[in-house]
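These notes concern the structure reproduced below.
Read-outs throughout are calculated quantities, based only on the coordinates presented, and are distinct from any laboratory measurement. This is a predicted model, so every value here is computed, not measured. All Cβ positions, even for glycine, are placed from backbone atoms using ideal geometry, and neighbour counts span all protein chains on display.
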Amino acid sequence: MMAEHERKVSSGATVEAAEAARDELAAALGTAGITLPSLRVDPLSYGDERGESTFALVELGRCNIPTALAMAAALRAGRA
């Protein structure tokens, strides 16, 4: 069985897939006590001039220094 973080998503990922990934990441970060206020699906990444979905990106956004350090600590703890 493939771990959650090992799931493959094609470069043509849908908006729904990007929203699900964003929600999964937000939940995992929340478990570690971390909130990224700018975490979102980038609206400019998933449509072309015809309105057709081409790919979707999850934008992590910006965060302050304490949040960046908390994320680094959570990632290190997960590797232990």
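Just add up the charged neighbours of ARG40: K/R +1, D/E -1, any other residue whose Cβ is under 12 Å from the Cβ of ARG40. Kindly include the intermediate steps, with their values, before the conclusion.
On the way: positive: ARG22, ARG62; negative: GLU19, ASP23, ASP42, GLU59.
My count for the surroundings of ARG40 gives -2.
HN-Hα J couplings of the range 31-40 from phi, Karplus 6.51/-1.76/1.60, θ = phi - 60°, integer Hz, Gly and Pro as x?
Ordered by residue, 3J(HN,Hα) equals 4, 8, x, 10, 10, 9, x, 8, 5, 6 Hz.
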